[in-house]
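Student: I have a structure here, written as structure tokens, and I will follow up with some questions on it.
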Amino acid sequence: MTKARVLIVGAALALVSFIAPLTPAVADSTCYAENYGGGSCGTTCVITDDHTGEVRGWLTHRYAC
Amino acid sequence: MLISRASERRGARTRGIVGLALLVLAAPALRGAQPARPAKEPRSTAPRSLGASGEDFGPQFLGTDGKGKVFLLRAATLEVFALDAAKGLVPAARLKRSPALSAEPAHAAVMGRSSDDWWLLQGAGVWHTTSEGPQALPEVHWRVESLSRLGGGEPVVGVMPFGVGRPIGDRSFAAGDAAPLLLSFSGSAWRVLATEGEIPSSGAVNKEFARINQERMVALAPGATKGLWVADRYRFRVRKLSPAGKVLTSLKGSQEIRLENDKDGKATQRKLVQMGDKAGGAIANLAVPAILGLTEARDGNLYLVTNRNGIALERYDPVAEQVDRLKLQLGYSGRFTMASGSDGLYLAGFGGQTGRWFLSWNTLAAADWRKVEDVEIGGPASRAAQ
């Protein structure tokens, strides 16, 4: 696992553990390897409340590609 | 002379009687001229609960067949039930699972032509599941956010303007190009059905990530016979598109995206931002959803569950060209899937434990609907449609 991925997973866990006490629901996350054009890429994890289906937030990490 | 005086007396008596009659007849109008009493507060309607799963069954989604029979899919187990206001959940089908499909959370699903034919947005991909087993559709190559079908036809996805799963150095799109909003699946490939705005620059993505996401998140519902309804999640803007992607109808209310303004919300955002780093970070979504779910009934009316000054059912009647609102008594304010059954309207919260509800057509006919004034209704020739 690359350093960036370790950081992303760590931050995702921190985010989920931070959001969880705010709602009685549990969060799901789905991550995407994104390309924004112009040599800019990123990983985005979409954090979703699995009771309501609402998007609670995003965890992003950007890098040049 | 005598005749003349008698005639005058009769004339005076007649004028008196006519005047009294006019006074009696005019009385209601005179009462109406008094200062108007304030309009009564609209009465709210409580949908009938059809229960909730006692255990955590994960996401649930509603669909309906051509006869108005309603079905419910439990995405975690791929069990399908007939949902009936009198009988509740009745097992109807079980779709075949695969390890790849069950490993990811389900975000959306739409029923195909029968109860054992569903399309699922699961993880980052779209699947077609039947009793013969799931089949992955080709990669969309944009971040998929929502899923539906063109009325009676092919699947459609709502996407964010961010390329996904593309090779490094991919030059097939650039900032400033038209940004795809909807793609439909032709049977072998995804094609752009509708675009909106431009693909943002990487600088704009960095600075306005939450806003770009909030402005482009849509809820989708198939047209009862053809086409597709597209509703912005965080502001009141709804459009009906033809199968070719042309705007047929548009409904436009306030375009402001409301943010949670409570102290906790702001604190959440500050803390999440502190967790981030210069290259990215954790961003809380503080936008308050405006449209929670929608479905088109068989008579052509569109029903939406909205969160504008409280949870309500809103109905767009395309014949009267009018939107009406009905306050709902409901202890749930997350996303819904909705289905128009032969006996009434069915609603399901996103998670199985949140609940399922029913409103009969008779209940809706007798309910206290109030006309919504602040919605602009437009067609293809109207600027509001754009």
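Student: Starting from the range A:33-59, keep only residues that are at the interface with another protein chain (Cβ under 7 Å from one of its Cβ atoms) and at negative phi, then list their pairs with residues that are among the aromatic types (Phe, Trp, Tyr) and assigned to a loop (DSSP other than H, G, I, E, B) whose Cβ atoms are within a distance under 7 Å, requiring at least 6 positions of separation or different chains.
Tutor: Short answer, once both residue conditions are applied: A:HIS51/B:PHE350; A:THR52/B:PHE350.
Student: Which of (1) closer than 22 Å to B:GLN60 by Cα; (2) crowded, with 22+ Cβ neighbours inside 10 Å; (3) at pLDDT below 80 does A:LEU15 not meet, given it meets every other one?
Tutor: (1)
Student: While we're here: Quick check on B:ALA279: is it at pLDDT 60 or above, within 13 Å of chain A (Cβ to nearest Cβ) and in contact with a strand residue (DSSP E or B) (Cβ under 9 Å, 6 or more places away or on another chain)?
Tutor: Judged against the criteria, B:ALA279 is not a match.
Student: Do we find that B:ARG298 is within 21 Å of B:THR64 (Cβ to Cβ) and not in a strand (DSSP E or B) in this structure?
Tutor: So B:ARG298 fits the description; yes.
Student: Can you give me the number of residues within the range A:18-51 that are at pLDDT 50 or above and not in a strand (DSSP E or B)?
Tutor: 6
Student: Continuing with the same structure: Consider B:SER188 against the criteria (1) assigned to a loop (DSSP other than H, G, I, E, B); (2) within 14 Å of chain A (Cβ to nearest Cβ): it satisfies all of them except one. Which criterion is unmet?
Tutor: (2)
Student: State whether one or more residues within the range B:344-352 are of a type outside the set (Phe, Trp, Tyr) and surrounded by fewer than 18 Cβ atoms within 10 Å (Cβ to Cβ).
Tutor: no
Student: Can you tell me how many residues within the range B:85-114 are assigned to a loop (DSSP other than H, G, I, E, B), over 23 Å from B:TRP361 (Cα atoms) and in contact with a strand residue (DSSP E or B) (Cβ under 8 Å, 6 or more places away or on another chain)?
Tutor: Total satisfying the criteria: 7.
Student: Identify the single condition in (1) away from chain A (no Cβ under 14 Å); (2) surrounded by 16 or more Cβ atoms within 10 Å (Cβ to Cβ); (3) closer than 30 Å to A:HIS61 by Cα; (4) in contact with a helix residue (DSSP H, G or I) (Cβ under 9 Å, 6 or more places away or on another chain) that B:TYR234 does not satisfy, given that it satisfies every other one.
Tutor: (1)
Table: residues versus (1) away from chain A (no Cβ under 14 Å); (2) under 13 Å from B:LEU120 (Cα atoms); (3) in a strand (DSSP E or B).
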| site | (1), (2), (3) |
| --- | --- |
| B:SER53 | no, no, no |
| B:PHE57 | no, no, no |
| B:PHE61 | no, yes, yes |
| B:GLY68 | yes, no, no |
| B:PHE71 | yes, no, yes |
| B:ALA76 | no, yes, no |
| B:LEU83 | yes, no, yes |
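Yes or no, residue by residue, for (1) in contact with a His (Cβ under 7 Å, 6 or more places away or on another chain); (2) of a type outside the set (D, E, K, R); (3) free of Cβ contacts under 8 Å to residues at least 40 places away in the same chain:
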{"position": "B:VAL90", "(1), (2), (3)": "no, yes, yes"}
{"position": "B:ALA108", "(1), (2), (3)": "no, yes, no"}
{"position": "B:MET111", "(1), (2), (3)": "no, yes, no"}
{"position": "B:LEU121", "(1), (2), (3)": "yes, yes, yes"}
{"position": "B:GLY125", "(1), (2), (3)": "no, yes, yes"}
{"position": "B:HIS128", "(1), (2), (3)": "no, yes, yes"}
{"position": "B:GLU132", "(1), (2), (3)": "no, no, yes"}
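Student: Could you tell me which residue of the range B:307-327 is farthest from B:LYS69 (Cα to Cα), considering only residues that are of a type in the set (A, V, I, L, M, F, W, C) and over 15 Å from the mean Cα position of the chain (by Cα)?
Tutor: B:ALA320
Student: Going through B:ARG191, B:ARG166, B:ARG149 one at a time, which residue ends up being of a type in the set (Lys, Arg) and buried (at least 22 other Cβ atoms within 10 Å of the Cβ)?
Tutor: Criteria check complete, one pass: B:ARG149.
Student: Identify all residues within the range B:332-373 that are among the charged types (D, E, K, R) and within 11 Å of chain A (Cβ to nearest Cβ); write none if there are none.
Tutor: The answer is B:ARG335, and nothing else.
Student: For the range B:196-211, how many residues are within 7 Å of another protein chain (Cβ to nearest Cβ) and modelled with pLDDT of 95 or more?
Tutor: 1
Student: Hey, can you tell me all the residues within the range B:139-185 that are aromatic (Phe, Trp, Tyr) and either assigned to a loop (DSSP other than H, G, I, E, B) or away from chain A (no Cβ under 13 Å) (or both)?
Tutor: Residues satisfying the conditions are B:PHE173, B:PHE185.
Student: Might you let me know whether the range B:219-238 holds any residue that is more than 16 Å from B:VAL157 (Cα to Cα), touching a strand residue (DSSP E or B) at 6+ places or on another chain (Cβ under 6 Å), modelled with pLDDT under 95 and not in a strand (DSSP E or B)?
Tutor: yes
The values are calculated or read from the model by the stated rules, or taken from the named source; none is laboratory data. Every value quoted in this text rests on a predicted model; they were computed, and no experiment measured them. Reconstructed Cβ throughout: ideal geometry from the backbone, glycine too, with neighbour counts over all protein chains shown.
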